[in-house]
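First comes the structure, then the notes that go with it.
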Amino acid sequence: EDESEEEPKLKYERLSNGVTEILQKDAASCMTVHEKFLALGTHYGKVYLLDVQGNITQKFDVSPVKINQISLDESGEHMGVCSEDGKVQVFGLYSAEEFHETFDCPIKIVAVHPHFVRSHFKQFVTGGKKLLLYERGWMNRWKPSVLHEGEGNIRNVKWRGHLIAWANNMGVKILDMISKQRITNVPRDDISLRPDMYPCSLCWKDNLTLIIGWGNSVKICSVKERHASEMRDLPNRYVEIVFQFDTEFYISGLAPLCDQLVILSYVKEISEKTEVECCARPRLDIVQPLPESCEEISSDALTVRGFQENECRDYHLEYSEGESLFYIISPRDVVVAKERDQDDHIDWLLEKKKYEEALMAAEISQKTIKKHKILDIGLAYINHLVEKGEYDLAARKCQKILGKNTELWEFEVYKFKEIGQLKAISRYLPRRDPVLKPLIYEMVLHDFLESDYEGFATLIKEWPGDLYNNTIIVQAVVDHLKKDPQNRTLLRTLAELYTYDQRYGRALEIYLTLRHKDVFQLIHKHNLFSSIRDKIVLLMDFDSEKAVDMLLDNEDKISIDRVVEELENRPELQHVYLHKLFKRDHHKGQRYHEKQISLYAEYDRPNLLPFLRDSTHCPLEKALEICQQRNFVEETVYLLSRMGNSRSALKMIMEELQDVDKAIEFAKEQDDGELWEDLILYSIDKPPFITGLLNNIGTHVDPILLIHRIKEGMEIPNLRDSLVKILQDYNLQV
């Protein structure tokens with residue numbers, strides 16, 4: 001009933017079946033718990049043995065009045081019962097041995113030895129006004145001995161191992177049964193409380209740790225061995241209080257839970273209507289003991305039947321050590337508290353809509369959970385995310401949750417379609433192992449095609465072509481292109497679809513129209529050379545460099561003649577192709593060398609001279625004609641000299657280029673005396689030319705020939721230096 005974010009530690013259910021039947025006519029007064037069964041005592045003097053579901057297995061009529069306490073040994077084969085009319089019975093559940101005694105006062109407590117089943121441990125204690133130990137001796141006779149008296153009624157007793165703890169009006173005592181010595185007295189804190197109304201709760205956590213709850217005070221005591229040096233007249237054991245703290249309410253019962261404590265509390269509150277103090281619902285708290293205080297871990301208020309009429313003494317807390325089961329006993333109700341398991345934890349997480357955590361918890365403990373299935377939690381999580389509008393996250397979770405279940409995938413896709421969120425799930429649809437029906441993928445593609453061309457293109461690129469019916473999607477794209485024929489995204493996607501469909505020619509046309517970078521890759525990959533014979537101009541326009549390389553690499557598929565013919569109307573492209581061809585091989589395109597002269601002259605003058613030098617197939621007269629027409633001096637000079645007309649070539653250098661160094665270089669190359677004569681005659685009236693000749697002529701012609709011809713009084717730049725060089729060259733020759 002707690003609405004807080006804190007997860008409860010325990011879960012509760014009523015002990016029903018036979019218990020419901022008993023408590024309709026009678027009231028519970030006490031109960032004890034064995035790992036195999038329960039024993040319930042009532043106000044009408046009955047003792048019932050119950051299974052853990054509350055079904056009655058045996059019934060004993062012990063007394064006409066209230067049963068005060070029931071005690072079982074560890075084996076669960078012997079039971080001790082005491083009642084308000086002074087009766088005490090100890091008997092075997094499966095044997096004939098039995099002890100009966102009736103005292104002259106109410107007997108509040110009875111405890112049989114934990115190992116009563118063994119013959120040398122036939123002992124039990126009872127308590128009314130005094131604490132009596134009964135031991136079976138010679139001739140099977142029971143011999144009583146007084147362990148303690150004189151401090152009021154014995155209120156509670158708990159026997160564990162060799163230690164007996166009991167409470168009377170003054171406090172709690174512990175007796176060591178081996179030494180028969182009393183080893184401690186823990187006084188009662190609040191003596192103002194009536195011990196019959198607010199009884200003491202005792203509980204052994206283990207063989208040496210006793211937990212005491214009385215009023216609103218809790219003490220945890222540890223029994224320790226005394227060191228030999230400290231003995232003197234003292235008992236060989238002593239008790240140390242290791243934890244001590246007060247609680248908010250009065251204690252009705254205690255039980256250990258690992259290193260924590262379970263406390264049943266009796267609560268009183270002021271009524272809002274009448275402003276009178278009344279009984280509230282009892283509380284079951286789990287606390288972590290600290291040396292001086294405690295930390296509350298959880299707290300639950302329990303709606304037990306008839307809680308409004310109950311007192312502190314009417315509630316009891318019993319527990320089953322092995323299973324962490326806690327029984328809350330009240331006159332009209334028995335409630336069982338269990339530690340919550342992983343299924344309960346997942347229930348709580350789902351209730352709080354913490355689906356991610358619930359899924360994680362289920363995955364971690366999938367072998368132990370009985371109630372939940374990981375898939376069901378996952379589907380609930382997806383629905384929750386969809387309801388919250390977190391469509392992308394919901395779609396992403398589908399991958400993990402739906403796994404390879406195609407039916408569930410298809411169901412979820414239709415669900416996303418209904419809410420108009422197919423785009424959200426598209427990225428996460430499985431593409432292999434498993435593969436869904438083609439219809440699912442087509443439905444998603446159509447959705448994108450209606451509203452998001454870019455998204456559609458992305459899916460076509462990412463999805464394998466065999467997921468959907470290609471023909472249907474191609475037709476859909478063609479229909480959309482009728483409305484928007486220039487849409488580059490749709491065209492590009494259509495080309496990809498044609499490629500999947502192996503209609504490469506169609507794809508190539510679109511790629512060329514779009515000038516798409518993948519066009520060359522497509523041609524190579526699918527060997528589309530037959531398809532591009534009439535598209536060479538388009539390819540060259542798109543990227544002449546790549547196109548030429550591809551054409552030259554695949555001459556066997558598209559011949560040189562075919563390419564030149566295709567490029568007839570585009571001489572600038574024809575030149576690019578033939579130039580690259582010539583660079584690769586000077587002889588392959590020899591039949592086009594004559595044509596190339598014009599092409600170089602028109603489009604690539606810098607490469608004309610290297611071409612004329614390297615080509616052995618170009619007609620020189622034709623070349624000379626073109627170069628003279630265009631007044632290409634350097635090329636004309638080269639052609640004239642190559643054709644043997646050196647004098648005309650030299651004349652051009654001198655007159656057109658006016659470059660003495662080039663003229664001298666040319667004369668040196670030809671090594672012809674007449675040429676030197678022409679050069680001297682041309683230079684004799686030009687002082688800069690004379691300087692050039694003086695500097696260079698010495699090694700080829702006798703400088704005296706030149707010097708004799710220089711007119712008197714002509715100023716010649718750097719004459720002295722030139723003369724020094726001539727003398728040096730002459731000395732060198734000598």
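The values are calculated or read from the model by the stated rules, or taken from the named source; none is laboratory data. Everything numeric in this text was worked out from a predicted model, so none of it was measured. Reconstructed Cβ throughout: ideal geometry from the backbone, glycine too, with neighbour counts over all protein chains shown. Quick note on the areas: whole protein, heavy atoms, side chains included, nothing else; ligands and nucleic acids left out. Shrake-Rupley method; radii C 1.70, N 1.55, O 1.52, S 1.80 Å.
In the stretch 586-615, which residues are of a type in the set (Ser, Thr, Tyr) and either at pLDDT below 80 or open to solvent by less than 90 Å² (accessible area, probe 1.4 Å) (or both)? Across the stretch 586-615, the qualifying residues are Tyr592, Ser598, Tyr600, Ser615. Looking across Lys87, Lys9, Lys59, Lys25, one residue alone is charged (D, E, K, R), open to solvent by 20 Å² or more (accessible area, probe 1.4 Å) and within 22 Å of Gly253 (Cα to Cα). It is Lys9.
Yes or no: the stretch 91-105 includes at least one residue that is under 27 Å from Phe326 (Cα atoms), open to solvent by less than 60 Å² (accessible area, probe 1.4 Å) and of a type outside the set (A, V, I, L, M). Yes, the conditions are met somewhere in the stretch 91-105. All told, Ala663 meets the bar of being in the same structural domain as Lys725 (by the TED database), modelled with pLDDT of 80 or more and either among the acidic types (Asp, Glu) or not in a loop (DSSP other than H, G, I, E, B) (or both). When residues in the stretch 41-76 are screened for being in contact with a helix residue (DSSP H, G or I) (Cβ under 7 Å, 6 or more places away or on another chain) and free of Cβ contacts under 8 Å to residues at least 40 places away in the same chain, 5 of them pass.
Cys258 passes every criterion in (1) touching a residue at least 12 places away in the same chain (Cβ under 8 Å); (2) open to solvent by 20 Å² or more (accessible area, probe 1.4 Å) apart from (1).
For (1) surrounded by 15 or more Cβ atoms within 10 Å (Cβ to Cβ); (2) within 25 Å of Glu356 (Cα to Cα); (3) over 28 Å from the mean Cα position of the chain (by Cα), each residue gets a yes or a no:
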{"site": "Gln399", "(1), (2), (3)": "no, yes, no"}
{"site": "Phe411", "(1), (2), (3)": "no, yes, no"}
{"site": "Thr458", "(1), (2), (3)": "yes, no, no"}
{"site": "Lys461", "(1), (2), (3)": "no, no, no"}
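Restricted to strands (runs of 3 or more DSSP E) entirely inside the stretch 52-137, those with at least 1 residues that are of a type outside the set (A, V, I, L, M, F, W, C), out of contact with any Phe, Trp or Tyr (no Cβ under 6 Å at 6 or more places or on another chain) and within 21 Å of His162 (Cα to Cα) are 67-72, 123-127, 130-136. Among the residues of the stretch 40-56, how many are hydroxyl-bearing (Ser, Thr, Tyr) and open to solvent by 40 Å² or more (accessible area, probe 1.4 Å)? The qualifying residues number 1.
The set of residues in the stretch 138-165 being closer than 19 Å to Glu84 by Cβ, touching a Cys at 6+ places or on another chain (Cβ under 9 Å) and in a strand (DSSP E or B) consists of Asn156 alone.
Taken together, Lys517, Lys525, Lys482 contain a single residue that is free of Cβ contacts under 8 Å to residues at least 12 places away in the same chain, open to solvent by 30 Å² or more (accessible area, probe 1.4 Å), not aromatic (Phe, Trp, Tyr) and not in a helix (DSSP H, G or I), which is Lys517. If the condition is being open to solvent by less than 60 Å² (accessible area, probe 1.4 Å) and part of a loop (DSSP other than H, G, I, E, B), then the stretch 241-255 contributes Thr247, Phe249. Annotation: Ser324 fulfils all but one of (1) farther than 30 Å from Ser75 by Cα; (2) within 36 Å of the chain's Cα centre (by Cα); (3) among the hydroxyl-bearing types (Ser, Thr, Tyr); the unmet one is (1). Go over the candidates Val19, Val65 one by one and state the one that is open to solvent by 30 Å² or more (accessible area, probe 1.4 Å) and either at negative phi or touching a Ser or Thr at 6+ places or on another chain (Cβ under 8 Å) (or both). The conditions single out Val65.
Annotation: of all residues in the stretch 261-293 being touching a residue at least 40 places away in the same chain (Cβ under 8 Å) and farther than 14 Å from Leu317 by Cβ, the one that is least open to solvent (accessible area, probe 1.4 Å) is Pro289.
Among the residues of the stretch 139-147, is any among the charged types (D, E, K, R), in contact with an Asp or Glu (Cβ under 7 Å, 6 or more places away or on another chain) and in contact (Cβ under 8 Å) with a residue 24 or more places away in the chain? No; the residues of the stretch 139-147 include none that is among the charged types (D, E, K, R), in contact with an Asp or Glu (Cβ under 7 Å, 6 or more places away or on another chain) and in contact (Cβ under 8 Å) with a residue 24 or more places away in the chain.
So which residues in the stretch 189-200 are touching a Phe, Trp or Tyr at 6+ places or on another chain (Cβ under 7 Å) and open to solvent by less than 30 Å² (accessible area, probe 1.4 Å)? Scanning the stretch 189-200 gives a single hit, Cys200. Taken over the stretch 102-116, the criterion of being free of Cβ contacts under 8 Å to residues at least 40 places away in the same chain and charged (D, E, K, R) is satisfied by Asp104 alone. Of the candidates Leu675, Leu694, the single residue that is over 60 Å from the mean Cα position of the chain (by Cα) and either in contact (Cβ under 8 Å) with a residue 40 or more places away in the chain or more than 29 Å from Pro610 (Cα to Cα) (or both) is Leu694. Total residues in the stretch 137-159 satisfying the condition of being open to solvent by 80 Å² or more (accessible area, probe 1.4 Å) and in contact with a strand residue (DSSP E or B) (Cβ under 9 Å, 6 or more places away or on another chain): the figure is 2. The single condition among (1) open to solvent by less than 60 Å² (accessible area, probe 1.4 Å); (2) under 14 Å from Ile401 (Cβ atoms) that Leu375 does not satisfy is (1). Of all residues assigned to the stretch 552-564, none qualifies as being touching an Asp or Glu at 6+ places or on another chain (Cβ under 8 Å) and modelled with pLDDT under 85. Is there a residue in the stretch 692-709 that is open to solvent by 50 Å² or more (accessible area, probe 1.4 Å), over 15 Å from Met654 (Cβ atoms) and outside any helix (DSSP H, G or I)? Yes; the residues of the stretch 692-709 include at least one that is open to solvent by 50 Å² or more (accessible area, probe 1.4 Å), over 15 Å from Met654 (Cβ atoms) and outside any helix (DSSP H, G or I).
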